[in-house]
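The values are calculated or read from the model by the stated rules, or taken from the named source; none is laboratory data. Just so you know, these numbers come straight off a predicted model, no measurement behind them. Virtual Cβ from ideal backbone geometry, glycine too; neighbours counted across all protein chains shown.
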Amino acid sequence: MPKITDRHVAFSTPWFDVIAKRVDDDPSPHFTVLPADYVAVVATDPDGRFLLVKQFRPVVEADTIELPSGLVDPGETPEAAVRRELIEETGHEAGEIEFLGELTPDVGRLGNRLWCFAASSARALVPAPQLHDGITLVRLTADEFLASLRELRCDHALNFAVLMLAALKGRFPLHGVPAARR
């Protein structure tokens, strides 16, 4: 098995570091982008509607519809981060949070982890907190959510991964929406 013979920070920003690594005797460095770990949650309200967020993403220069998610702050546990993000982005508080699994977002470039959770019957806080600027709460039924995924209105690849974990654990339905026509 190859070995890392050198590892150092080649570039640093407030959002991520770029780590240069040498593998065995290969003279070319291999670069890893190292942001903080992420969390994401498949959350439903007491009516069974999925809680999603709509926001403008400068990277893709478009509004996106996504699962509530965000970065794990230094010293914060992934569960504390997902609880915080759910409140900040949806104004809802989860009672029980179920850990679904830990994923590698991109084995070719990213060195962080994606912590995946599910929360059912998340309650709206009263009074409703101010959501993060630019974020709008979107509530969808299971059929509406599945349709938005099938039609790629929700096209965030990491969200698809979280939803697959949730489906495998019986926390997200994959039935009820016909396959896309070819």
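Considering only the stretch 140-151, I want to know if a residue exists there that is in a strand (DSSP E or B) and not aliphatic (A, V, I, L, M).
Looking for residues that are in a strand (DSSP E or B) and not aliphatic (A, V, I, L, M), one finds none in the stretch 140-151, hence no.
Does ALA157 meet the test of being under 16 Å from VAL82 (Cβ atoms) and out of contact with any Phe, Trp or Tyr (no Cβ under 7 Å at 6 or more places or on another chain)? Let's see the steps before the verdict.
Numbers: under 16 Å from VAL82 (Cβ atoms): no; out of contact with any Phe, Trp or Tyr (no Cβ under 7 Å at 6 or more places or on another chain): yes.
Answer is no for this residue.
I'm trying to understand the selection: among the residues of the stretch 1-56, which are within 18 Å of the chain's Cα centre (by Cα), surrounded by 15 or more Cβ atoms within 10 Å (Cβ to Cβ) and part of a loop (DSSP other than H, G, I, E, B)?
ALA36, ASP37
Hey, among VAL59, VAL39, VAL33, which residue is under 30 Å from GLU151 (Cα atoms) and touching a strand residue (DSSP E or B) at 6+ places or on another chain (Cβ under 6 Å)? It would help to see each step written out before you state the result.
Numbers: VAL59 fails: touching a strand residue (DSSP E or B) at 6+ places or on another chain (Cβ under 6 Å); VAL33 fails: under 30 Å from GLU151 (Cα atoms).
Answer to the check: VAL39.
Evaluate the following for VAL126: is it surrounded by fewer than 12 Cβ atoms within 10 Å (Cβ to Cβ), under 17 Å from the mean Cα position of the chain (by Cα) and over 19 Å from PHE50 (Cβ atoms)?
Numbers: surrounded by fewer than 12 Cβ atoms within 10 Å (Cβ to Cβ): yes; under 17 Å from the mean Cα position of the chain (by Cα): no; over 19 Å from PHE50 (Cβ atoms): yes.
No: the conditions fail for VAL126.
Would you call ASP133 modelled with pLDDT of 95 or more, of a type in the set (D, E, K, R), farther than 15 Å from VAL42 by Cα and in a loop (DSSP other than H, G, I, E, B)? First the steps, then the outcome.
Working: modelled with pLDDT of 95 or more: no; of a type in the set (D, E, K, R): yes; farther than 15 Å from VAL42 by Cα: yes; in a loop (DSSP other than H, G, I, E, B): yes.
No.
Going by the structure shown, is PHE145 surrounded by 13 or more Cβ atoms within 10 Å (Cβ to Cβ), farther than 25 Å from TRP15 by Cα, assigned by TED's automatic domain parsing to the domain that holds ASP47 and among the aromatic types (Phe, Trp, Tyr)? Reasoning before the result, please.
Working: surrounded by 13 or more Cβ atoms within 10 Å (Cβ to Cβ): yes; farther than 25 Å from TRP15 by Cα: yes; assigned by TED's automatic domain parsing to the domain that holds ASP47: yes; among the aromatic types (Phe, Trp, Tyr): yes.
Yes; evaluated as a whole, the condition is true for this residue.
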